[in-house]
Amino acid sequence: MAQRKGKPDLGFGCMRLPLLRTSEPDSFDYEKIEVLFDAFLNQGFTYFDTAYTYHGYHGEEAVRKALVERHPRDRFQLATKLPLRDFRDEADLERKFAEQLEHCGVSYFDSYLLHNMGTNVYEKCKKYGAFDFVTRKKAEGAVGQVGMSFHDTPELLDEILAQYGEGLDFIQLQINYVDWEQPNVQSRQCLEVARKYGKDVAVMEPCKGGTLVNLPDKAAALLRAADPAASMASWAMRFAASQEGVVRVLSGMNTLEQVLDNAATFRDFRHITEGERAVIGQATAIIEENTPIPCTGCAYCTHGCPMDIAIPQYFALFNNFSRTTGSFSSHAAYYNNISLRHGMASACIGCGQCERACPQHLNIRDFLKDVAGTFEAADAFPKRKA
Ligand code: SF4
Ligand code: SF4
């Protein structure tokens, strides 16, 4: 994977692009997206990362319109991902790839990844030759580099790399300072396994879906005291990019300010010092205390929920509520509004499909009970009929 003169690179993650209406994942705010993409390019960065499944299966189309159709092909690098959850058989791999080229409006991808590899899709990938398929695409020249995004245990990563590692140029891992030792994610151990096989690493979720930008007050105060000029995001980006073997960090940017802040962090990149690591350790303890549901908001769980439950929105609201004091009514009002358009948390029938899709391996059904217990109390819904 190409690096900018030995420094870690910044990539534009396109999983959460600006929308006109938050409830419609394909209502792209193209005016905003184009400003962000152009600013990113103008800051000297070139790598964009999307996927077949992003934005309700319309994410690649948005990248085509806002990037590919507006800039020469050699001005940017484009990465997308093979949807392991969705392909049916060997022939379908070829069909999906052809569709993706069309969605994106390109003749090749600079990087192509097996998307969200884990226990639930590994057997299927072996059976239908998904690993061979992506390496063949590279040999044909339709793909520059082959990668794999991974959200499972270090043991499984080891098994996969022992078997199929040779064909993979890089591994995309969830690395951030809260998940570094977190048992659901095990960032550090997964990174160590990737390095054991000599793989470059790209980082996703460096800010944990925004959690590390909107810190609890006490944690933010700690970081501010250590470096008054540094943004919260820059701490998270520098932590992720400072790890050995990390060549790129992806960031989903929604404002021009975020683009410029991230660009500044990577342009004059400084590795995290030992002293800063200690401060981050203290901040992590505070964040963990104040984040009961470690959800990143990726929304993988909502696709196929028979009750159309707004899982990530409810979890974000619950986390937010547990960080504040005394504003129950405003949180309950938000809950009420969301649940008028979606199933309520208590509507969960316990089918478990969401948990099979969750890259964070969360006990979503249990957490929904906590959400329902908090926000569905009788006095939280004065206007709702029982
Ligand atoms: S377990 Fe509940 S929330 Fe999850 S998919 Fe089934 S109904 Fe939806
Ligand atoms: S519950 Fe899991 S799958 Fe759903 S949004 Fe949160 S992290 Fe993503």
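The values are calculated or read from the model by the stated rules, or taken from the named source; none is laboratory data. Keep in mind it's a predicted model, so treat the numbers as computed, not measured. All Cβ positions, even for glycine, are placed from backbone atoms using ideal geometry, and neighbour counts span all protein chains on display. We work out accessible area using only protein heavy atoms, side chains counted, and drop any ligands, DNA or RNA first. Shrake-Rupley method; radii C 1.70, N 1.55, O 1.52, S 1.80 Å.
Quick check on segment 9-289: of the DSSP beta bridges with both residues there, what percent are antiparallel, nearest 5%?
5 percent
Once the dipole of the chain is set up with Lys and Arg at +1 and Asp and Glu at -1 on Cβ about the Cα centre, which of 157, 176, 314 lies farthest towards its positive end?
314
Hey, can you grab everything whose amide H is under 5 Å from the amide H of residue 28? Only 5+ residues off in sequence or another chain; H modelled, so Pro and N-termini drop out.
20
Could you pull the Cα extents of segment 311-380 along its three principal axes, largest to smallest, in whole Å?
35, 23, 18
So what's the chain giving for Cα Rg divided by 2.2 N^0.38 Å, two decimals?
The chain yields a ratio of 0.97.
Lone cysteines in the chain, defined as no other cysteine's Cβ under 4.7 Å from theirs: which are they?
That list is 14, 104, 125, 190, 207, 295, 298, 305, 348, 351, 358.
Compare 346, 187, 329 in a GNM of the chain, Cα atoms joined below 10 Å, and give the one with the largest fluctuation.
The residue with the greatest mean-square fluctuation here is 329.
Can you work out the accessible area per residue across the chain, with the rest of the protein chains kept in place, probe 1.4 Å, in square angstrom?
43 Å²
Given Cβ point charges of +1 (Lys, Arg) and -1 (Asp, Glu) and nothing else, what value in debye, to the nearest 20, does the dipole of the chain about its Cα centre take?
Charge dipole, the chain, about its Cα centre: 340 debye, nearest 20.
Within the chain, which is the longest segment that contains none of the GluC sites (Glu not before Pro) sitting in a DSSP loop with at most 14 other Cβ atoms within 10 Å?
Maximal segment without exposed cleavage sites: 245-386.
Apply the membrane-span-like helix rule to the chain: whole DSSP H runs, Cα extent along the own long axis of at least 24 Å, mean Kyte-Doolittle hydropathy at least -1.0. List the helices found.
274-290
Which entries of 81/138; 208/369; 81/137; 218/369; 138/199; 96/124 have Cα-Cα distances beyond 19 Å here?
208/369; 218/369
Specify which residue in the list 13, 39, 56 is farthest towards the positive end of the charge dipole of segment 1-113, using unit charges on the beta carbon of Lys, Arg (+1) and Asp, Glu (-1), about the Cα centre.
The residue sitting farthest along the positive end of the dipole is 39.
Rounded to the nearest 500 deg cm²/dmol, what is the calculated helix-only ellipticity per residue at 222 nm for the chain, with -39500 (n - 2.57) per DSSP H run of length n ≥ 4?
-13000 deg cm²/dmol
Percent relative contact order of segment 25-110, based on C-alpha pairs within less than 8 angstrom and at least six residues apart?
32 percent
Can you give me the % of accessible surface on the chain that is carbon or sulfur? Probe 1.4 Å, all protein chains present, nothing else counted.
Solvent-exposed carbon and sulfur of the chain make up 50 percent of the total.
Give the accessible area for residue 103 in Å² (nearest 10); use a 1.4 Å probe, count only protein heavy atoms, and leave out ligands, DNA and RNA.
About 50 Å², rounded to the nearest 10.
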